[in-house]
Structure formats: structure tokens, C-alpha cells
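Asks: Would you mind keeping the following structure in view while I ask a few things?
The values are calculated or read from the model by the stated rules, or taken from the named source; none is laboratory data. Computed from a prediction, not measured in an experiment: that's the story for all the values here. A quick note on method: Cβ atoms are made from the backbone with ideal geometry, for glycine too, and the neighbour counts reach across all protein chains shown. Only protein heavy atoms, including side chains, enter the accessible area calculation; ligands, DNA and RNA are left aside. Shrake-Rupley method; radii C 1.70, N 1.55, O 1.52, S 1.80 Å.
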Amino acid sequence: MLCIKNGTVIDGISDVPYKADILIDKGKIIHIGENMGNAADEVIDATDKWVLPGLVDSHCHLREPGFEYKEDIGSGTRSAAAGGFTSVACMANTNPVVDNAAMVNYIKSIARAKGVVKVYPVAAVTKGLEGQELTEMGELKEAGAVALSDDGRPIMNSQLMRLALQYAKGMGMLIISHCEDLSLVGDGVMNDGYMSTVLGLKGITRAAEEVMVARDIILAEVLDAPIHIAHVSTRGSVELIRQAKRRGVKVTCETAPHYFCATDEWVDGYNTNAKVNPPLRTSDDVEAVKQGLKDGTIDIIATDHAPHHRDDKEVEYSLAANGISGFETAFSLAYTHLVETGILSIQELVQKMSKRPAEILNIDAGTIQVGKPADVIVVDLHRTYTVDVSKFYSKGKNSPFNGCTLKGKVIHTIVDGKVVMKNEKVII
Amino acid sequence: MMALKRKDLLGLRGMTKAELEEILSTAQDMKSILLSNVKKASYLQGKSVVMLFYENSTRTRFSFEFAAKYLGAHTASVAVSSSSVAKGESLVDTGKTLQSMGIDVIVLRHPMSGAPHLLAKHVSASVINAGDGINEHPTQALLDMFTIKQKKGTLDGLKVAIIGDILHSRVARSNIWGLTAMGAEVRVAGPSTLMPPDIEKMGARVFYKVEEAIKDADVVMGLRIQRERQQKGLLPSIREYTRLFGITQERIRLAKADALIMHPGPVNRGVEISSDLVDGEQSVINEQVTNGVAIRMALLYLLTRRDYNAVH
Ligand SMILES: [Zn+2]
Ligand SMILES: [Zn+2]
């Protein structure tokens, strides 16, 4: 038995935090109450700290199989644990692509063998991510895929997207859409605006994202099908989703920390660690994303953890890979930029990083409740520290936040009752 | 007093007026060496300069090569086809290899913006940007500024109109940074599809009618229009471009009577500028080429003085 003692608990259900001990046995939470440490054989002292449900990430890239030099399920899930994530949904753009039941099972078996947090595969919408033929969504669901996405690539053919949404709806599967009109992107490599002009880099118009957000909303509305929009980055996308929600469209969406913590000015100096897709936008978009988080338009915060090897980043900006290694900074960035600034309460942040993503993915996680899986983290909200990518558990050191001073740190991570990170060290 | 204490010349963005003035005045001295009977100085004796070109540009490469040779440097040229940028040895590795051979200055021409900045971060040799993607071409802008200054005596308060494909022009970007720092008014004009967003925030005035940009200008600079802009849908036709934006005898009459006509070359005669203007009295296009060598001599001199400064 494990007891987390003397912490302030935010359970994801009640509106107010409360002081309590949490007793865990056989992977489940068995008691929440006072003075329960006596029965436990292991005690974690959470005095002056906060006890939250383990974070749930609806969108990450673990790179295995095919790109193990960037990340593998072992290193990626250690990185997740270090960031306080106890459940992560990994995208299908591996090599081979996760577009059939055997691949879903393969990811699950590797995750069981090497993973330190729970891994939920997202399978492809189209075979080989080629945007031509639908995957066998029914079988993918049976095999355990939690959602479907061609993430990394858009589904450019609108009729195919319509059929995908229709078929997935029939199977009870959610499609996560990577919204990017490739014809509008052209050879663009950063946000189109003053900074692209100054740096002489080809711009990507915000319309490339927004046109597809609008299209997907319309398709979902016509079919009355659910859709989840990945990595919302522009004011226009936030507004389109806000209006759609008012009309009752079954649309949910996520943003990532870099879309409310960084702007295209970070690209200055041709900083390839700030190269990500969709690209970092302007401070006006950052404001709109924050507003969207506050008013509930943006349901959740995902990491879009996209680790890359130095060789893929230490090249000309136009050649550099897109992506930010995000697990290990996500909570602190969100806490620093959203909670400390008064945009969200800590309870609302728990909703956006634990409870809602678990609901959207339909997995048993995201709250601290008796009888539920013991996925719990202990965080120190007073702790200020400086990000040091060389200390990342992820193989991907590609973060533009290296050297940033942040507040709020994950100290312990418990997955299914097992302590996987203790005193900021991943121990398995 | 030396103002230029940089390791590299990556662009004119962020350059101070004092730095620019030092380069321009040094170029003045270099031009006299260049115009003398025996074109030989020893400022770069024992130094080696390599021209690393990932894009074909005979004109710029020769200009640097002669500049280095007139100053007594060892030179070598490496031509890498731009198609092998993505496949071949990485730029950083190539730079480190050159470094190990004792190269003092790497002159880099590259099809991707920011490539010289990347190289400069990884080598201790000086890096001179000889044109990177659509970002900057600082030595071209410096030679333009030098040419204007020689003709007009000053840059301060002059009206310089740059006409054409501003979006894809590294020459335009460098000229906007440099000329505005020196107190000139820069006007840019061209089709709206070839105008980068928010360029007025860089300090340029934007015009969509070429006549308005040229009116009362002291300098009119044409930029090369590439035929592929039509294929990519940025222009309906080259013909319409020439009719609406071409620099013609008639339009030049709107400028000051003694306005200079410039072009970074190579010129598409009869497309962005009419042939008679290229060869006409107001044209300084050939002088730009001579001044290019002087400017590059000045930069090679100043950048290789850097260590000397540090010691003394
Ligand atoms: Zn994506
Ligand atoms: Zn992604």
C-alpha cells in the first residue's frame, strides 16, 4: 500500500481543493481521507504540495517504430512521466504507419514491455497516411486504437474526409484532424507576417490552417459527427470553433503550450527549435488562444511532443524538421503562463490537462476517485526553475524553452499505483 | 577608430550607421587600389578566402575572388549544386572541414535564408553572406549604397525607389536595412502578390503604382523578374508586368532629372527595364560592378583586421 500524505488534492471533480491523504492499493485508489498513512508500507510526503490526477496527453509522437534515433517508447514514456503525464495518445506517423490492427497491437505490446506510462495508440485515418483509402476503422477500434488521425499530414481530399468522418461516426471513433491546406502552405516554413518578411523566410498564411478548420467543421456539422481539431494556433481558428460550438457542432479541440507561450519572433536567428507545424504565430494569436482556453472554446492542452535528433535540427531553417520536444515543459509552461497570470485556475488547468482529454479519448483516467486507477502526480507550485534540455529524459532536446525560467514543477508521478518518478527522478 | 568589430557579415539588418560608414569609406580607399595600374596590396597576405557557392553566380563569385586576390589572399572556390544541399554533406560539416584547412574567411552563397547564420555559429572563420535565399545580399546593397554615395555625395534624405519582385529579393531587403539606417527614404513598388507582408514596418514606403514610387526619386533601382513567377501564379503574365511596372524612359521622367538608374544584374532587357535606359546616361549599372569589387575588398580587409584589433 502506498499513501500520499498531507497534500492539497485537486481531484478533477470537486470545485475546491482539499487537504487529504490518498491511499493506493493494487493500482487503484482505495481511500481519500485523513490520517491514513499508518496502513501504508510506502509514504510520499506531499506537505505544501499539490496532488493532481495524472496528466493525459491526447497528442504526442513517440517515433517508434522507425525513428528510434529521435525517440522510442522507453525514452518517450520516461519523458512523459517526468512531465507528469500518466496516459499518452501517440500518433500514427511512424514507419511503418499504424494503419492496421497488427500495428496497434505492436505499439501496445512494446508499450507494455518498455513503457513507464500508459500508451494509447491513435491509428491512421487513411492507409499509409496517403489520403487515398480509409483504414479498417472497426478493426482498429477492436485492437485498441483510441482515435484516428493522419497527423503530420492533412486529408486534402474533402470527399474522403467526409467519408472518413461518416464511417468513423458509425464505428464510434473520433477523428483528430491536422488542419493544413498544403496548397496554401506551398514552400512556406514559418508564419506569414512581419517576421517572415524580416528573416526572408517563405511565409505560411494563417488561412492554411483556418480554411481546413472551417472545412472540417462544416463536414462534421453536415454529418452530425464528432471531430477533434489538433493544435489550434490562430485567432481565426479559435473564432471558427467558438461559433461552431455555439451552433452545437460536435467539435472539440486542443492547443499546445507553444501556441500560448511563444510567437514567431522566437524564430529570429533562424532558431530551428522554434520550427513547428503549425508555425508559431503572433502575440495577437497567443492572446486569442489564451482567451479560447479561458472561455472553454479550447477544450484541452496537448503537448504535440515531437522529439527530433540534433541532426534534423542543426541544418538550414528550410530543411529543419518541424516539432518541439514538449512533455517535460508542458505543465510548467501552462502553470506559468495560464495559472500564474490568472487566465485559468489550477482546477481549470487540471480539467484541460487531465479530465477533459481523458473524456475526449474515452479512457479511464483524469480524476482522483476511489476505485479509479491510481494515476496521480504531486506538484510543487512554488518551485521556480530553469529549463535545461540536456536534462530531458526525451532523446529530443529540441525545445525553444531551453533556459526559460518557469514556475510549478512535477515532483512525483504515480502510474497505476506504481511510483515511476520520485523526487524529480524517473526511477524505472 | 574601427567600428566594425564583427566576426561575420551576415546582413545589414541591425548594422549601425557608424559601421556602414566605415565600410563605405574603406571602400573608397580600396577603389583607388582597384583603379591603380598595379592592382596589388598585401593586406590579406597569408590569409585564405574560400568561395563556397551552393548557387551559380559567376558575377558575385568573380567579384569576391578578384577582391581577395587584389589584396594578396589565397583563394579557392567550391561549387556545390543546390540540388545536393539536402542530400550531400551538411553545411555545418562542410564549414568545419574548411575550418580545419585553416580558412580565414568563408564567402557563402546559398539558396536558403539563414544558411550563413548557421555556418557562422559553427566556425570561427569569418563568414560573409554572398546572398542567402530571399533574405539578404549585403555586399550587393553595400555596393549600391557606395555607388549612390559616390554620385550624390550623401545618402541622407535621398529618395530611392526599388521596383519589382520585392518578396523574393534579397537585394531589396538588404537595401532597405542599409539605406534607411543611413537616412535615405526607401520606396518599394511592385505587384501586390510580390510584396511581402508588413514590409513598411521595416521602414520602407509601399507603392502599388510604379509612377508614384518613381516620382521625385533620386535613385530608381530595378530588380530581376523571374519567369517562374508567372508559372506559380504570382503574375498573370510577364507582358502585363512590363506594361504596368517596367522602368521606361517615360516613367523615368517623373524622377529627378539627375536620377540614377541601377540594377543588381543580370538584367532582363525589355522586361523589368527598357534596354535604352540600361545603356543610357543615367545608368550606373556598369559602375556598380566595379564598386562591387571595392566593397568586397573593404569587407575582406575589415573582417580580417578583427584579430589585429583585439591584440592592439
Ligand atoms: Zn499535426
Ligand atoms: Zn502532431
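Asks: Give me the extension gain from residue A:26 to residue A:294: residue separation times 0.36 nm, minus the current Cα-Cα distance, reported in nm with one decimal. Each step should come with its number before you reach the end.
Replies: Numbers: separation 268, 0.36 × 268 = 96.48 nm, distance 3.72 nm.
So the chain would gain 92.8 nm between residue A:26 and residue A:294.
Asks: If the only charges are +1 at each Lys and Arg Cβ and -1 at each Asp and Glu Cβ, what is the size of the charge dipole of region A:53-361 around the Cα centre, to the nearest 20 debye? Spell out each step's value before the answer.
Replies: On the way: 30 positive and 41 negative charges, 171 e Å.
My answer is approximately 820 debye.
Asks: Rounded, prolate or oblate: which fits chain B when a ≥ b ≥ c are the square roots of the eigenvalues of the alpha-carbon gyration tensor, with rounded for a/c under 1.5 and prolate only if a/b beats b/c?
Replies: Details: a/c = 1.88, a/b = 1.42, b/c = 1.32.
Cα axes put chain B in the prolate bin.
Asks: As a test question: what accessible area, to the nearest 10 Å², does residue B:154 have when a 1.4 Å probe is rolled over all protein chains in place?
Replies: Answer for residue B:154: close to 60 Å² accessible.
Asks: With angles folded into 0 to 90 degrees, how steeply does helix B:17-35 sit against the dominant principal axis of chain B? Use alpha carbons for both and round to 10.
Replies: For helix B:17-35, the angle is close to 80 degrees.
Asks: Another one. Under 15 Å from the Cβ of residue B:13, count the other residues' Cβ atoms, weight Lys and Arg +1, Asp and Glu -1, and hand me the total. Please list the in-between numbers first.
Replies: Numbers: positive: B:6, B:17, B:170, B:173, B:201; negative: A:265, A:268, B:8, B:19, B:132, B:136, B:198.
Value of the local net charge: -2.
Asks: Label points 7 Å out from Cα along the Cβ direction at residue A:427 and residue B:45: separation in nm?
Replies: My value for the distance between the label points is 7.2 nm.
Asks: Still on this structure, please answer the following. Work out the length of the dipole vector of the protein assembly as shown about its Cα centre, built from +1 on the beta-carbon of each Lys and Arg and -1 on the beta-carbon of each Asp and Glu, and round it to the nearest 20 debye. Walk me through the intermediate numbers first.
Replies: Numbers: 85 positive and 88 negative charges, 302 e Å.
Magnitude of the dipole: close to 1460 debye.
Asks: Where a Cα-Cα gap under 21 Å defines reach, which lysines qualify for residue B:152, not counting those fewer than 8 residues away within the same chain?
Replies: Counting by Cα, and skipping residues close in sequence, residue B:152 has these lysines nearby: B:17, B:31, B:215, B:256.
Asks: With r defined as the distance between the Cβ atoms of residue A:160 and residue B:122 and R0 fixed at 45 Å, what FRET efficiency is calculated, to the nearest 0.05? Don't skip to the answer; put the middle values down first.
Replies: Numbers: r = 44 Å, r/R0 = 0.98.
E(calc), rounded to 0.05, equals 0.50.
Asks: Could you work out how far helix A:158-171 tilts from the main Cα principal axis of chain A, as a 0 to 90 degree angle to the nearest 10?
Replies: It is inclined by approximately 30 degrees.
Asks: In this model, which of B:201/B:232; A:70/A:141; A:250/A:407; A:108/B:87; B:69/B:151 are farther than 32 Å apart at the alpha-carbon?
Replies: Exceeds cut-off: A:250/A:407; A:108/B:87.
Asks: Compute for the protein assembly as shown: radius of gyration divided by Kirkwood radius, i.e. Rg/Rh, restricted to C-alpha atoms, rounded to two decimals. Walk me through the numbers before you get to the answer.
Replies: On the way: Rg = 29.8 Å, Rh = 28.3 Å.
Result for the protein assembly as shown is an Rg/Rh of 1.05.
Asks: Round to the nearest 0.05 the FRET efficiency obtained for residue A:18 and residue A:370 when R0 = 22 Å and r is the Cβ-Cβ distance. Numbers along the way, then the final one.
Replies: Values: r = 14 Å, r/R0 = 0.64.
Rounded to the nearest 0.05, the efficiency is 0.95.
Asks: Round to a whole angstrom and tell me the spacing of the C-alpha centers of region A:369-417 and region A:155-218.
Replies: 31 Å
Asks: Assigning unit charges at the beta carbon (Lys, Arg +1; Asp, Glu -1) and nothing else, what dipole magnitude in debye, to the nearest 20, does region A:324-369 show about its Cα centre?
Replies: On the way: 3 positive and 5 negative charges, 17 e Å.
Computed charge dipole of region A:324-369: roughly 80 debye.
Asks: Then there is this: In nm, to one decimal, how far is the residue A:41 label point from the residue B:211 one, both placed 7 Å along Cα→Cβ?
Replies: 9.3 nm
Asks: Between region B:182-253 and region A:268-285, what's the alpha-carbon centroid distance in Å?
Replies: 29 Å
Asks: From the phi of every residue in region B:64-72, what ³J(HN,Hα) in whole Hz does the Karplus formula 6.51 cos²θ - 1.76 cosθ + 1.60 yield, where θ is phi - 60° and glycine or proline is x?
Replies: 5, 4, 5, 4, 5, 5, 4, 9, x
Asks: Now for a separate question. Rank A:123, A:39, A:230 by mean-square fluctuation in a GNM of chain A with C-alpha springs under 10 angstrom and give only the top-ranked residue.
Replies: For chain A, modelled as a Gaussian network with Cα springs under 10 Å, the answer is A:39.
Asks: Between B:37, B:129, B:291, which gets the highest mean-square fluctuation from a Gaussian network model of chain B, Cα cutoff 10 Å?
Replies: Highest fluctuation among the options: B:37.
Asks: How many nm separate the modelled label positions at residue A:311 and residue A:268, each set 7 Å beyond the Cα in the direction of the Cβ?
Replies: Those two pseudo-labels are separated by 3.3 nm.
Asks: For region A:53-361, what is the per residue volume of the convex hull drawn over the alpha-carbon atoms, in cubic angstrom?
Replies: Numbers: hull volume 34.9 nm³, N = 309.
Dividing the Cα hull volume of region A:53-361 by its residues yields 113 Å³.
Asks: Where both partners of a DSSP beta bridge lie in chain A, what percent of those bridges are antiparallel, to the nearest 5? Mind showing how you got there, number by number?
Replies: Numbers: 30 of 59 bridges.
The answer is about 50 percent antiparallel.
Asks: Which of the lysines could be linked to residue A:294 by a straight reach, that is with a Cα gap under 17 Å, when you skip same-chain ones fewer than 8 residues away?
Replies: A:245, A:352, A:355
Asks: Here is a follow-up. What's the angle, to the nearest 10 degrees (0 to 90), between helix A:101-114's Cα axis and the longest principal axis of chain A?
Replies: 40 degrees
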